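Worksheet: the structure to be examined is printed underneath.
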Amino acid sequence: MACGSPGTPGPSPSVQQTSAQPSSTPPAPTSTAPAAVVPNVVGLNHQLAQDTMQAAGFYYLTEEDATGQGRLLINDRNWVVVTQEPKGGTRAPADTKIILRSKKIGE
């Protein structure tokens, strides 16, 4: 008998049933990046803080004006880090977003 001829049952398709109700909380994102200790860079000039983070394997760096004025950090060496997220000393995957909040030196 030829394959697929009448009378020969073929494979039956698999059917998956899913719940019609949406999940109340999405699954937490998972990272395959290895975890490392986040350096504490509070008190360092912004350029040195960035260099320190990169040396520890963290490259997803963002920066904010800690005074709330929304200024751009043009010359990083003229700014000092006043807070960071996540805090120094915690373990985080290397692809974690690091937020450095800085203000101009002397402010």
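The values are calculated or read from the model by the stated rules, or taken from the named source; none is laboratory data. Please read these numbers as outputs of a predicted model, since none were measured by experiment. Counting neighbours? That spans all protein chains shown, and the Cβs are built from the backbone with ideal geometry, glycine included.
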Some residue of the stretch 50-61 being exposed (fewer than 14 other Cβ atoms within 10 Å of the Cβ), more than 20 Å from ILE105 (Cα to Cα) and at pLDDT below 95: no
May I ask you to list the residues in the stretch 89-104 that are in contact with a strand residue (DSSP E or B) (Cβ under 8 Å, 6 or more places away or on another chain) and either crowded, with 17+ Cβ neighbours inside 10 Å or not charged (D, E, K, R) (or both)? GLY89, THR90, ALA92, PRO93, ALA94, ILE98, ILE99, LEU100, ARG101, SER102, LYS103
Taking the conditions exactly as written (among the hydrophobic types (A, V, I, L, M, F, W, C) and within 12 Å of LEU100 (Cα to Cα)), does LEU72 satisfy them or not? no
